[in-house]
Amino acid sequence: MLIPDYYQFLIHPKIISGKCSLENIPSELNGYDAQKPLVITGKNIMERGLVKKFIKAFYDSTVTLGGIFDEVRDYAGISLARDAAFLYKERGCDSIIALGNGTVVDLAKAVNVLVSEKIDNLSAYHEGASISRQLKPLIIVPACRSNGMEATNVMTIDNRRITADFLYPDVIVIDPRMTPGCCPECVAESGVIALTHAFAALTDEAHNPMTAAVAHPALSYLSEYLPKGVTRPKNKDASIALANASVLAASAYSNTRPGMADLLAEELSIITGISVGKYMRILLPSLIADMQKKKIKISDELFLSLVGMEAYAATPVQERPQKGLDAAMKLINSLKGLLPKSLEQLKIQKYKLAEVARVAAERSAERFTDADCRTVLEQAWEGSAV
Amino acid sequence: MNINKYPEIQPGKKLIKRIYVAVFMWFFARAIQAAAKVDEEVKKEVETIPANFTLRLIVNPEKAFPLFFYAKMLPRFIVDKGILLYGLQMIMGKDKKGKFRYQGSDPRGKKINLSMAFTSLEAAMMVFTFRESLCTGYAHSRFVVEGDLPFAQSIMRIMDLTAVFLLPKIVAKLVVKRYPKWSEMSPLRKYLNRVLVYLRMFTV
Amino acid sequence: MQEIKGTNDRILEIDLSAKKFRVTKIGKKDRNMYLGGKGLALKLLYDRMEPGVDPLGEKNMIAFMMGVLMGTGAPCSGRFEAATKSPLTGIMSTASCGGPFGMALKTSGWDGIIISGKAKVPVYLYIDSKGVQLKPAKAIWGKDTGAAEAVLSKEGVGALVIGPAGENLVRFANIRSGHRFLGRGGMGAVLGSKNIKGIVAKGGEVKIVPAKKKKFDRSNKRFFKYINQNSITSGSYRYYGTNANTNLSNAAGILPVRNFTGGSHGEAHKISGETMAERFKTTWDTCKPCIIMCGHKGMIEGKERHIPEYETVGLLGHNLEIFDPVVISEWNDICAGMGMDTISSGGTLAWAMEATEKGLVKTNLKFGSTDGISEMLRNIAYRKGIGKDLALGSKAASKKYGGEDFAMHVKGMELPAYDPRGCFGHGLSYATANRGACHLSTSLFVLEAYLGMADPYAMRWKHYMVKFMENAYAAMNSLHICQFTAFAVFLEPPLIKLTPNFIIKILNQNLAPLALNLMDVSLWPELWHATVGKTYIPFVSMLKFRKAGERVHVLERYMNTREGISKKDDTLPLRLLTEGRKCDSKERSVPLEKMLKKYYRLRGYDSNGIPKKRTLKRLGIEIK
């Protein structure tokens, strides 16, 4: 195995996964000397009755919930963060629990910054200042639709990203009572996002032994449980496996640079308001097809993690990278008609693609060119690779 | 912003589970005490434990299960005997005579050498309803052990053996790491000791 | 002078890239199905345009379409419609205007024009009965709308011009004709992208007479009577303009304050129509021909200025917490000169103010402060500094800088000055209106908040009211006649006039289909039939007329769904859906989801808001 010339790796959150893991939260909070967390959650999670189950996990503990702020919807913005921060201060809370995924976690991170730094807006960080202090304890309890950024050091607030190592959550609690998906689409989207992130982590030039080690189980889980989870979204084993895959993929992803599919999907999502997962489902096959065409060299770890040791050993060394791409394509296409297959089907106006390609190329720090992005987008528009 | 929309939530109580765990602990402690008298193997294990050693089995967080306020109002001997159930704690120790005894559930004024703390009531329930064995529970961090660690192993073995005596095979199999074979523990010894343990539990 | 009976059905199609034009005839079927104006404009674009074209690209087309009533002397008929794919919203947008251009074009012998392609250099179009000429516009390029129009008006009776905002592709740039504007949806930017500074029509070449003069006159007489009887059309609007709404909205709690965080304000009376009429000694300055006469001008600070309309006052006034009529009319003039929509400008400024307050952007704007607004309006028009991003509208700006939750827009179009938390039905119509947040797709706030003819906070039957009104207004815009005549047509027939309001309210709330269908809107179809020379069959023709309205609305919806519009876009800004207001005794937010479901079912859309094939077939819309 090659030793990379140079690499860095950080994985912060403590992961607690399995039966009765919610009940560990009070003792985890005690470990941080916290007694009164503010719970941030989404309206849909409230409606699905998960919050009631969540509250029950705090019975017979000394932890008082400072309030359950359930206003989060599909958008995390500073106004909402300020409201939550106000509630936090009024109630004298000392820690934050985010129950949910995606925007809920983003908002929780933003609230954490606001209350820890004692500020009322994030303009300084938008302008490039860095978060340089330990924040309050943040516990994440994933539930349902993930955007793949929960376990990372990134928060997306008001469509703008802030990255800092202090933004890693402290504890992630994956409990089978919370993870089952609400619908097959939602499971498929979360799975595709995790797959795209793990794929990016493994195929990026900056990947290192540690990212591979973390992305490997994520991909193995996905290849085994994604088809199952999609057919039976309420299945507890599959949902736990997928939630773990999501967290692991995110941990690996936060230590590498975003891939082309990620960047394009994010830009498209901001412009159109359609979730990232749907775009990744379309873009990842196009990207893989493009990579196959260009015969880009990638590590054979992808193949190993997706198909297992036996098939890996039976394949000649030089074929492994290509077969890895094939396996990834096969896995993503196992979703069949669950998510839209082309940008045309999503009715994306074609003239917007040029702008998306330009911004994505800009954000990639010259790793890919405008033309590269556009090729992938054109292919995705037709959905020929799917 | 109207903060009254988001009320503060005080933790509730799971009364039935509490009573179950308290009763279970009381029984279990009495059973260990009895087994230490009755069974040779347990006796041997107990002998390895130094004198004045005190063990505490507790469900965390301690503050959530305060000593019942009326404990103070009752005569001292009832409290000392450990007949009264208060707090989710079980204290056992070797007294000066070398007897391994249940010392009630009041930790006040006692020097604890080894504390085994379940992280939550639910974790205790997992173990006490035999869904997870003590060993798996430890591996899953259902309880945290503090103090003289080497003795924790002895205590675990004592607990395992007691469980074998106390519970029918079908249940005990779930609790202990390895159920003793016939060659290791003859059925005669097992059933005889089971009767004796039960007798001693309720009489002495 | 040539006399045209009814309509002459001639359309001028101009291809700027090829520098060619051709004349097409409107088929009888299209005329009967789509009436004219808005309906016909949409239908013609539907036949000609592919989905997914760039609104500011060569392939986008813009249509200006006159109604059949234009030039016949029907009251308030001096209006015309424009339709294009909007650069602000990326979907179809229509706008109506009462400027002199309409009459000039119609009396040049054209029922409408469709412009496609792009000119290489800035030009203006000169249209007469023979056709069109492209003339270089170098001399007027860069001038404000007033100056440019003064130049162009010398060549014909009426002109359309864009200002610097349109030239710089400000997404909410408008088109000016006289003192009236094709306001919403960024039509100015579309002309700007085609390098057209203006269009001038010679006019006065033909004379229009209704085909059935007698019947026309009879209906016309009734129409005049109704308008002159109605307390709004002959009272408040006539004397105070649309700004008479300020006090009504304030009382009803639908007055947006501080970017829609409040619903009424103690100082709102300072900028109301009544106050302005008294303070500035206003006189009329209206579309022609008109008998409602809602447009006003007055002496403001020694200068004769147009009195701002309610929407302008709303979005540049109380929504920014500014209560000084003088500065508002000054900004109104800046917007007019630059050629920018005041609603979208105001909405975007309000977003910028709140975003500044929350640290998302850096500007010197502040709620309640007049500092920097004039400068910012100019910066937007010329796209300087942060104005470059604000010129894209609040939606695009909020995508870039954040603050989507308080960007008050629907489908990209900024909200007009009626807060739907005080009139739920109007909230539903904001969400479902085809061009984005549009107060003119139903104007239900009048029934709900002003006249008390429907319970503003009830949800029952609101979907039916919205559908009924949308159809009626779409038909009206296809005639094309001023929407304010609806007050007279809906409220003046004896049955409704003699019934007390509270009974109408009860009926509307419990038996809306019955109550609404009893409304006699026969005046409009009567006029249309008399003009084009078709026989009017009582009741049947009215039903057909209403179906035509439905057809126009559903066609526009269908065109939008081809551009990617679906249920996800039929929503309201998050603030309206989640936050309550302090001015209400009980905090309310709009319960949109429940009403929307029923609305879709009633409209014949699927659960994702896409018109079903069955619905399209029933309405005779060709599926592409």
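Take the conditions (1) at pLDDT below 85; (2) over 21 Å from B:Val175 (Cα atoms); B:Leu88 misses just one of them, which is (2).
Each row is one residue, and each column tells you yes or no for (1) out of contact with any strand residue (DSSP E or B) (no Cβ under 8 Å at 6 or more places or on another chain); (2) within 14 Å of chain A (Cβ to nearest Cβ).
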site	(1), (2)
B:Ser141	yes, yes
B:Val144	no, yes
B:Met159	yes, no
B:Phe165	yes, no
B:Pro180	yes, no
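Filtering region C:101-122 to residues that are surrounded by 18 or more Cβ atoms within 10 Å (Cβ to Cβ) and either in a strand (DSSP E or B) or basic (Lys, Arg) (or both) leaves C:Lys106, C:Gly112, C:Ile113, C:Ile114, C:Ile115, C:Ser116.
Filtering A:Gln379, A:Gln318, A:Gln322 for residues that are polar (S, T, N, Q), away from chain C (no Cβ under 14 Å) and under 17 Å from A:Leu264 (Cα atoms) leaves a single hit, A:Gln379.
Pairs meeting the criteria (first residue in region A:324-340 and touching a residue at least 40 places away in the same chain (Cβ under 8 Å) and on the phi < 0 side of the Ramachandran plot, second residue surrounded by fewer than 21 Cβ atoms within 10 Å (Cβ to Cβ) and part of a helix (DSSP H, G or I), beta carbons under 7 Å, at least 6 apart or on different chains) are A:Leu331/A:Ser223; A:Ser334/A:Pro227; A:Leu338/A:Pro184; A:Leu338/A:Glu185; A:Leu339/A:Glu185.
Put simply, of A:Asp60, A:Asp70, A:Asp83 the only residue that is part of a helix (DSSP H, G or I), within 9 Å of another protein chain (Cβ to nearest Cβ) and surrounded by 17 or more Cβ atoms within 10 Å (Cβ to Cβ) is A:Asp83. Of the helices (runs of 4 or more DSSP H) lying entirely inside region C:364-454, those carrying at least 2 residues that are within 14 Å of chain A (Cβ to nearest Cβ) and either hydroxyl-bearing (Ser, Thr, Tyr) or at negative phi (or both) are C:393-401.
Any idea which residue in region B:174-188 is nearest to B:Val38 (Cα to Cα), counting only those that are part of a helix (DSSP H, G or I) and free of Cβ contacts under 8 Å to residues at least 24 places away in the same chain?
By that ranking, first place goes to B:Leu188.
Of all residues in region A:328-359, those being closer than 30 Å to A:Leu304 by Cα and either in contact with a strand residue (DSSP E or B) (Cβ under 7 Å, 6 or more places away or on another chain) or away from chain C (no Cβ under 14 Å) (or both) number 13. Checking the stated criteria, C:Asn471 turns out not to satisfy the condition of being farther than 18 Å from C:Asn220 by Cβ and at pLDDT below 90. Yes or no: region C:385-393 includes at least one residue that is crowded, with 24+ Cβ neighbours inside 10 Å, without any contact (Cβ under 8 Å) to a residue 60 or more places away in the chain and not small (Gly, Ala, Ser). Checked region C:385-393: at least one residue is crowded, with 24+ Cβ neighbours inside 10 Å, without any contact (Cβ under 8 Å) to a residue 60 or more places away in the chain and not small (Gly, Ala, Ser). Of the residues making up region C:579-606, just one is free of Cβ contacts under 8 Å to residues at least 24 places away in the same chain, within 14 Å of another protein chain (Cβ to nearest Cβ) and not in a loop (DSSP other than H, G, I, E, B), namely C:Glu593. Among the residues here, A:Leu114 qualifies as modelled with pLDDT of 90 or more and surrounded by fewer than 24 Cβ atoms within 10 Å (Cβ to Cβ). Which residues, taken from region A:11-59, are over 30 Å from A:Asn235 (Cβ atoms) and either in the same structural domain as A:Leu248 (by TED's automatic domain parsing) or charged (D, E, K, R) (or both)? Correct list: A:Asp33, A:Lys36. Within region C:304-315, none of the residues are out of contact with any helix residue (DSSP H, G or I) (no Cβ under 6 Å at 6 or more places or on another chain), over 22 Å from C:Ala407 (Cβ atoms) and part of a helix (DSSP H, G or I).
Residues in region C:540-569 that are of a type in the set (Val, Ile, Thr), more than 14 Å from chain A (Cβ to nearest Cβ) and within 26 Å of C:Leu592 (Cα to Cα): C:Val552, C:Val554. Taking the numbered list (1) more than 7 Å from every other protein chain (Cβ to nearest Cβ); (2) small (Gly, Ala, Ser); (3) in contact with an Asp or Glu (Cβ under 6 Å, 6 or more places away or on another chain) in turn, A:Gly92 passes all entries but (3). Among the conditions (1) closer than 22 Å to C:Ala251 by Cα; (2) surrounded by fewer than 19 Cβ atoms within 10 Å (Cβ to Cβ); (3) at pLDDT 90 or above, C:Gln483 misses just one, which is (1).
Of all residues in region C:218-239, those that are surrounded by fewer than 22 Cβ atoms within 10 Å (Cβ to Cβ) have Cβ atoms under 7 Å from Cβ atoms of residues that are hydroxyl-bearing (Ser, Thr, Tyr), 6 or more apart or on another chain, in C:Asn228/C:Ser234. Within region C:598-609, identify whether any single residue is crowded, with 19+ Cβ neighbours inside 10 Å, of a type in the set (A, V, I, L, M, F, W, C), assigned by TED's automatic domain parsing to the domain that holds C:Tyr464 and within 26 Å of the chain's Cα centre (by Cα), and answer yes or no. Among the residues of region C:598-609, not one is crowded, with 19+ Cβ neighbours inside 10 Å, of a type in the set (A, V, I, L, M, F, W, C), assigned by TED's automatic domain parsing to the domain that holds C:Tyr464 and within 26 Å of the chain's Cα centre (by Cα), which makes the answer no. The requirement of being surrounded by 20 or more Cβ atoms within 10 Å (Cβ to Cβ), touching a helix residue (DSSP H, G or I) at 6+ places or on another chain (Cβ under 6 Å) and either farther than 28 Å from A:Ile271 by Cβ or not basic (Lys, Arg) (or both) is not satisfied by A:Ala108.
If a residue has to be surrounded by fewer than 22 Cβ atoms within 10 Å (Cβ to Cβ) and in contact with a strand residue (DSSP E or B) (Cβ under 9 Å, 6 or more places away or on another chain) to count, how many in region A:88-102 make the cut?
2
The condition of being within 26 Å of A:Glu382 (Cβ to Cβ) and surrounded by fewer than 24 Cβ atoms within 10 Å (Cβ to Cβ) holds for only one of A:Ser269, A:Ser223, that being A:Ser269. Selection of region A:1-49 for residues being crowded, with 20+ Cβ neighbours inside 10 Å and at positive phi yields only A:Cys20.
None of A:Glu344, A:Glu310 is assigned by TED's automatic domain parsing to the domain that holds A:Leu219 and either in contact with a Gly (Cβ under 7 Å, 6 or more places away or on another chain) or in a loop (DSSP other than H, G, I, E, B) (or both) except A:Glu344. Taken over region B:12-40, the criterion of being within 11 Å of chain A (Cβ to nearest Cβ), assigned to a helix (DSSP H, G or I) and more than 16 Å from B:Ile58 (Cβ to Cβ) is satisfied by B:Leu15 alone. Looking at C:Leu125, C:Leu88, C:Leu69, just one residue is farther than 23 Å from C:Lys20 by Cβ, touching a Leu at 6+ places or on another chain (Cβ under 7 Å), of a type in the set (A, V, I, L, M) and surrounded by 22 or more Cβ atoms within 10 Å (Cβ to Cβ), and that residue is C:Leu69.
The values are calculated or read from the model by the stated rules, or taken from the named source; none is laboratory data. Since we're looking at a predicted model, the values are computed, not measured. Because the Cβ atoms are built from the backbone with ideal geometry, glycine has one as well, and the counts that use them run over all protein chains shown.
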